[in-house]
């Protein structure tokens, strides 16, 4: 695995951590408190860091491959939402996750 693929995977993981922190910060009573909540601030820093990793990955990975690959974050978001934030994960969501995974495989691992 090249440094560019590692950077892409890092961008996805860091972005998901940021998203999870933003969700955690959303539990405060009002928007002003949420903006100054440590989870919101750290989550935004993670998002910025993820963008830097993504920019590096785009140096060698075609955008037509890299962008669909980031759809893995939708799968991770559904799983994190279910297990850490008690969000519903029904049959329609599972079907959607399955379609996303199939789509990522088709777009990312296409024959040369």
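Find the helices (runs of 4 or more DSSP H) located wholly in segment 16-81 whose residues include 2 or more that are under 26 Å from residue 94 (Cβ atoms), and list them.
Helices (runs of 4 or more DSSP H) meeting the threshold: 63-69.
With respect to residue 96, is the statement that it is assigned to a helix (DSSP H, G or I), over 13 Å from the mean Cα position of the chain (by Cα) and at pLDDT below 95 true?
Spelling it out, residue 96 is indeed assigned to a helix (DSSP H, G or I), over 13 Å from the mean Cα position of the chain (by Cα) and at pLDDT below 95.
List the number of the failed condition for residue 6; all other conditions in (1) modelled with pLDDT of 95 or more; (2) more than 23 Å from residue 109 (Cβ to Cβ) hold.
(2)
Between 106, 89, which is part of a loop (DSSP other than H, G, I, E, B) and surrounded by fewer than 16 Cβ atoms within 10 Å (Cβ to Cβ)?
Going through 106, 89 in turn, the sole match is 89.
Residues are listed down the side, and each one gets a yes or a no for (1) at negative phi; (2) loosely packed, with under 15 Cβ neighbours inside 10 Å; (3) modelled with pLDDT under 95:
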residue: 27; (1), (2), (3): yes, yes, yes
residue: 32; (1), (2), (3): yes, yes, yes
residue: 39; (1), (2), (3): yes, no, no
residue: 62; (1), (2), (3): yes, yes, yes
residue: 66; (1), (2), (3): yes, no, yes
residue: 81; (1), (2), (3): yes, no, yes
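Taking the conditions exactly as written (without any contact (Cβ under 8 Å) to a residue 12 or more places away in the chain and within 15 Å of residue 17 (Cβ to Cβ)), does residue 48 satisfy them or not?
Yes, satisfied.
The values are calculated or read from the model by the stated rules, or taken from the named source; none is laboratory data. Note that the structure is a prediction, hence the values are computed from the model and not measured. Because the Cβ atoms are built from the backbone with ideal geometry, glycine has one as well, and the counts that use them run over all protein chains shown.
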